[in-house]
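One structure is given below, encoded as structure tokens.
Every number in this text was worked out from the coordinates using simple rules, so none of it is lab data. Remember, it's a predicted structure, so these values are computed and weren't measured experimentally. Please note: Cβ atoms are built from the backbone with ideal geometry, for glycine as well, and neighbour counts cover all protein chains shown.
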Amino acid sequence: MKHPILSKWRILAILAAAVFFSQGGIPARSQNVAASDGYRAVFSDYYTPATSVPATPGPDGFIRRWTLLEPIAKSFSSNSMLTDNYLSETMAEEYFKDQFTIIPEDGSKVKYGKTNLVWHALDSKKYFVNLLRFAEGYGKEYFQQMYWAVTIIDCEEDLKDVRLSGGANSGAVWYLNGEEVLRLTNDRDLIVDDCMSKRVTLHKGRNILRGAVLNGQGMATFCLRFVDEQGKPVTAYTVSSIMPKKRR
Amino acid sequence: MKKRLFATGFTAIVSAALSLAAFAQIGSPYIHDPSTVVECDGKYYTFGTGGGGLISEDGWSWHSGAVRPGGGVAPDAIKIGDRYLVVYSTTDRSNGLRYRSRVYAMWNKTLDPDSPDFEYTEPMDIAGSNGYEDCDGIDPGLMMGPDGRLWLVYGTYFGYTRVVELNPKNAVPISEPVDVALSCEAGEMMYNDGWYYLLATHGTCCSGVNSTYEIIVGRSKSPTGPFYDHIGRDMIHGGGKLLLASEPRRIGAGHFGRFIVSDGIEKMSFHFEGDLDRSGRSVLAMRPLMWKDGWPVAGEPFENGNYSIVSERRGYTLELAVNNVPLNGGRGMSRGGDAPVAPMADQKLEDVIGTWPEEQIDLRIGPQLFRPHQTWEITEVPEAGGYIGGAYCKITIAGTGRALTATADKEVTTVAEFTGAPEQLWRIDRMTDGTYRIMPKAVPGISEELVLVAVADSTPSLGAFDPANVNCKWSLKLLR
């Protein structure tokens, strides 16, 4: 059961965000972040800055390097509203320019309405990506949000008949090389191998995996990996984010 | 079978009413004392009392035509290497001895009477009773143990059932017979997971629709016994755990035979002495053979109806990937105070079907809410043929023609209307653990056998069958 919005926590979050912005960011290279020691500590429990050195999935195959966009507010009261139709309609909207083709650079911005949102390239310390802690860490509201994520997957050869497998709290839509391959509807929890795509091919060279996760109340997370026909993790690829030239 | 020989050469008649198909083999499955079903070059064979037997192209529709010389009663058959060993028994009453009976063995390279290789060897006397002892040496049953040792069990209600070891190369006895059970008929042995099982029948034989024939079982760590039942009673003291007796309109189960389809899927063959839907005739029957707590369990015949198709992976149910239409009402976290309590109506198909796409709808696996998009009607399609022990089924959303179908990309989806295409026909096998394997008759453009799997908690697909993989297992919950 998801808890209703706890207003006192929202207030605390907003206050913390103010402190966050005023003290300098986490990670340090980000321009618009600041945090109390508490938020700094929590954030660092979950993330380290991505580097220009490509990462590899661990033995469990989970993709831990992601470039995450600061969240976009969405209005829905319950995760049970995250139906197929809702996700279709939601993903049909344009939130920022080139949202289905952009390969964001760490620290780059997109304009959503009048707001500039920043992309952050991060490595998750967990097998999953904690979006609530991400938003919290950058001083953003974390309930009723849409979280965009992009990662770059490089393969030395075609990896055929693999499946994108994951879980999310709660709804999510994932696209591989521009095609929707996986959709998680309704009120879900973070469960490994909860949903899988049909068989897909990771092509030799560069592949782009992007998606959006939506969550109403409570924890916001996702985990993704590729698995083979037997459900075993596929790890024969690297994962990277685009870094600014000065840090390459 | 001991006192009455059934007439041979039953005339083929029109197959039973289609509504019976769920409960009995179709075609002309008329036989008494059927031998263990054996597959030979893609066809299935069983032999019966009096000579001859049945052939089936698919294991579901049976017709006379199998050939076994020698007459006599209650044969059995087994494949050993590239040959088939067939045993049967006769009783010689010419000298006034009622129980001087012999078991004969003969070999054949094939069971197909149309094959140029079809030729039985001369029957060889391998066991029996001399007419003076407490044994009637008929009703032979064969078992190949896990160690490659071949065993013959024989005997009837007149005294003891016996076990003797045979040389698997020539069927010649290589041990002295051992008494293992009393007052049994139609003995058959099988091995499973460290135990030898002696199957036999108790009850009145050969009384047609008044038969009380029933299949019982005991088990032992040795093929020569002692075989105890589930309450520790030795079968030589009359013990035996009931495996299968009569069913409504099918009377007198006897002459057990085990057929292993593949790892995790087994069938048991037997006869009902009287099928009330077929003039009380004796008919071949097959049921799923399951195992529970070290004992064989006879599965019930599949029943047409509305089902939840539940994945054993997480316990979620197969459903259309449509918007979940909420039920109106309910009070969430509120207990409702003093408001009057009244039953709520279930969500009905007409409440939601207008929200569904009209053409293809994909599938997912979701929490069970007993909603229309989760309710599947599974019905046999008699004209689609069958497989060993069952008929192909269509699986549709109840109240609609929307049919589960396999796709060329080795996935599953639904189409608006059932057309009878092979990818819309499903083979439903009960597995030995009681769950089900659900397999399309064909997958377009794919030659390998694929089954319905839960590749993820919430995602169905097609994949290779692995009886040890819970992803391949489904439960069918009949919705009343």
Projected onto the charge dipole of the range B:109-202 (unit charges on the beta-carbon of Lys, Arg, Asp and Glu, signs +1, +1, -1, -1), the Cα from B:Thr201, B:Gly155, B:Pro168 with the largest positive-side position is that of B:Pro168
Per-residue ³J(HN,Hα) for the range B:222-229, Karplus 6.51 cos²θ - 1.76 cosθ + 1.60, θ = phi - 60°, Hz, x for Gly and Pro: 10, x, 9, x, x, 9, 10, 8
Between the alpha-carbon centers of the range A:46-63 and the range B:85-102, tell me the distance in whole angstrom. 79
15 Å beta-carbon shell around A:Asp228, net charge (K/R +1, D/E -1): 0
Dipole moment magnitude, nearest 20 debye, the range A:7-247 about Cα centre, only Lys, Arg, Asp, Glu C-beta charged: 720
Violating pairs (Cα-Cα greater than 28 angstrom) within the set A:Lys204/B:Lys441; A:Lys198/A:Lys246; A:Lys74/A:Lys109; A:Lys111/A:Lys246: A:Lys204/B:Lys441; A:Lys198/A:Lys246
Work out the length of the dipole vector of the protein assembly as shown about its Cα centre, built from +1 on the beta-carbon of each Lys and Arg and -1 on the beta-carbon of each Asp and Glu, and round it to the nearest 20 debye. 2480
From fewest to most C-beta neighbours within 10 Å, the residues B:Trp291, A:Trp174 line up as B:Trp291, A:Trp174
Any idea what the relative contact order of the range A:7-247 is, in percent, if you count C-alpha pairs under 8 Å spaced at least 6 apart? 27
For peptide A:224-232, what's the mean number of Cβ atoms from other chains within 10 Å of each residue's Cβ? 2
Total charge dipole magnitude, the range B:18-298, about the Cα centre, Cβ charges on Lys, Arg, Asp, Glu only, Debye to nearest 20: 380
So what J values fall out for the range B:47-59 if you push phi through Karplus, 6.51 cos²θ - 1.76 cosθ + 1.60 with θ = phi - 60°, rounded to Hz, Gly and Pro as x? 10, x, 5, x, x, x, x, 10, 10, 9, 7, 10, x
Give me, ordered by chain and number, the residues 5 or more places off B:Leu243 or on other chains with an amide H under 5 Å from its own placed amide H. B:Ile215, B:Ile216, B:Val217
Straight-line reach from B:Lys43: which aspartates and glutamates have a Cα under 18 Å away, not including same-chain ones fewer than 8 places off? B:Glu57, B:Asp58, B:Asp76, B:Asp82, B:Asp112, B:Asp114, B:Asp117, B:Glu119, B:Glu266
Partner chain coverage, peptide B:357-364 - average Cβ within 10 angstrom: 1
Sorted by Cβ density within 10 Å, fewest first, the residues B:Thr161, A:Thr238: A:Thr238, B:Thr161
Among B:Pro326, B:Gly274, B:Asn471, the residue whose Cα sits farthest towards the positive end of the charge dipole of the protein assembly as shown, when +1 is placed on the Cβ of each Lys and Arg and -1 on the Cβ of each Asp and Glu, is B:Pro326
List the cysteines in chain B whose Cβ has no other cysteine Cβ under 4.7 Å from it. B:Cys40, B:Cys135, B:Cys184, B:Cys393, B:Cys472
Enumerate the lysines that B:Lys477 could reach by cross-link, defined here as Cα to Cα under 20 Å, with residues fewer than 8 away along the same chain left out. B:Lys292, B:Lys348, B:Lys394
From the phi angles alone, apply the Karplus equation (6.51, -1.76, 1.60; θ = phi - 60°) to the range B:437-454 and give each ³J(HN,Hα) in whole Hz, x where the residue is Gly or Pro. 9, 10, 10, x, 4, 7, 10, x, x, 10, 8, 6, 7, 10, 10, 5, 10, 9
Mean residue ellipticity at 222 nm from the helices of chain B, using -39,500 (n - 2.57) per DSSP H segment of n ≥ 4 over the full residue count, to the nearest 500 deg cm²/dmol? 0 deg cm²/dmol
Most exposed to least, judged by fewest other Cβ atoms within 10 Å, B:Ser56, B:Ser183 sort to B:Ser183, B:Ser56
Please compute the contact order of chain B in relative form: average sequence separation of alpha-carbon pairs under 8 Å and at least six residues apart, divided by the residue count, as a percent. 11
Ranking B:Ala245, B:Ser461, B:Ser220 by how far each Cα lies towards the positive end of the charge dipole of the protein assembly as shown (+1 on Lys and Arg Cβ, -1 on Asp and Glu Cβ), the top one is B:Ser461
